[in-house]
Amino acid sequence: MAEVGIAVERRTSCGPDLPGPETGMGYQIVSIVLNDGRKFDQVAVVEGIIAEVRGHRDIPFTEDQIAQILLTHEKWDFNAERSAKT
């Protein structure tokens, strides 16, 4: 498992920030598609860094496994989930 803080800047074709508006103040919600076809919906990206993947304590992939990043804005209360994990 990867540590929290995978940078996604090099994974996008539109420069250091993901294209499109923020989902909320300072963050975007994306789906991550891996090279092997697995897809992780509701991934929080803060300032170009993958901060959290819904339903996972750690980030379950590495940067080199990412095939595609899709901006979805599918919100969830990740602060409540984070509290439940501790």
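The values are calculated or read from the model by the stated rules, or taken from the named source; none is laboratory data. What you see is a predicted model; the values in this text were computed from it and never measured. All Cβ positions, even for glycine, are placed from backbone atoms using ideal geometry, and neighbour counts span all protein chains on display.
Given (1) of a type in the set (Ser, Thr, Tyr); (2) exposed (fewer than 14 other Cβ atoms within 10 Å of the Cβ); (3) modelled with pLDDT of 80 or more, identify the lone condition not met by Thr72.
Evaluating Thr72 over (1) of a type in the set (Ser, Thr, Tyr); (2) exposed (fewer than 14 other Cβ atoms within 10 Å of the Cβ); (3) modelled with pLDDT of 80 or more leaves (2) as the failure.
Filter region 21-46 down to the residues that are of a type in the set (Asp, Glu) and under 11 Å from the mean Cα position of the chain (by Cα) and list them by number.
Selection gives Asp41 alone.
Could you tell me which residue of region 31-62 is modelled with the lowest pLDDT, considering only residues that are of a type in the set (Asp, Glu) and more than 21 Å from Gly20 (Cα to Cα)?
If we take residues in region 31-62 being of a type in the set (Asp, Glu) and more than 21 Å from Gly20 (Cα to Cα), then Asp58 is modelled with the lowest pLDDT.
Within region 57-69, can you find the residues that are among the charged types (D, E, K, R) and either loosely packed, with under 13 Cβ neighbours inside 10 Å or assigned to a loop (DSSP other than H, G, I, E, B) (or both)?
Arg57, Asp58, Asp64
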